[in-house]
Amino acid sequence: MAVVAARNALLELGWGALQSTSPPARRAAVERYLESHLGRRDLSAEQVAAAHSVSARTLTRLFSDAGDTFTGVLRAKRIARVREDLLTGDATVAALARRWGFVDSSHLNRRFRAVHGMSSQEYRDKGRRTRQAPPVEHPTDT
């Protein structure tokens, strides 16, 4: 009987320790994990959940409680990285698609256009024109 009571007490302590991570802290940890694994095309909710010792359902709830979805957050993070690379680097769109976990450049362009209303190449070209534009001179009042 004492062994059962001790085991139950230990299980209660363990369960309490697991539950002590607040949802905001857990989500922050998950988002850090996503940031460091964005290039993995096979990244799934199940893998991320397992890496954080929670169920896929708990992971899904973690995002849905804030009005998000796991795939939506993952996609937004990937698109943000692509956007940065488009403006700061010279890698091809196909190379960026591979680097940031998209199936191919067509997949990347469909997702990019859905968010930004233009293709990734159009975004890059617009960014370059903006950076190269001469500063606008304003007449001074004298």
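Rule-based calculations on the coordinates, nothing more; no lab input. Just so we're clear, the structure is a prediction, and the values are computed from it rather than from any experiment. When we count neighbours, we look across all protein chains shown, and the Cβ atoms used for this are built from the backbone with ideal geometry, even at glycine.
Neighbours of Pro23 by Cβ distance under 11 Å: Lys/Arg scored +1, Asp/Glu scored -1, total +2. Between Asp104 and Asp65, take the C-beta separation as r, use R0 = 35 Å, and let me know the FRET efficiency to the nearest 0.05. Efficiency for this residue pair is about 0.55. Computed from backbone phi with θ = phi - 60° and the Karplus coefficients 6.51, -1.76 and 1.60, the 3J(HN,Hα) list for region 97-106 is 4, 5, 4, 9, x, 8, 4, 6, 5, 5 Hz; x is used for glycine and proline.
Here region 26-142 is assigned +1 on the Cβ of each Lys and Arg and -1 on the Cβ of each Asp and Glu. Its dipole about the Cα centre then comes out at about 380 debye. Each Lys or Arg adds one and each Asp or Glu subtracts one; over the other residues with Cβ under 11 Å from the Cβ of Arg41, this totals +2. Working ranking of peptides 104-112, 43-51 by packing, defined as the average number of other Cβ atoms within 10 Å per residue, highest first, is 104-112, 43-51.
For region 52-69, 3J(HN,Hα) computed residue by residue from phi via the Karplus equation (6.51, -1.76, 1.60; θ = phi - 60°) reads 10, 6, 10, 7, 4, 5, 5, 4, 4, 5, 4, 7, 5, 4, 9, x, 10, 10 Hz, glycine and proline entered as x.
The slack in the chain from Tyr33 to Ser55, taken as 0.36 nm per residue of separation less the alpha-carbon distance, amounts to 6.3 nm.
Rounded to whole numbers, the Karplus 3J(HN,Hα) couplings from phi for region 36-49 are 7, 10, 4, x, 7, 5, 8, 4, 10, 4, 4, 5, 5, 4 Hz, using 6.51 cos²θ - 1.76 cosθ + 1.60 with θ = phi - 60°, and x at Gly and Pro.
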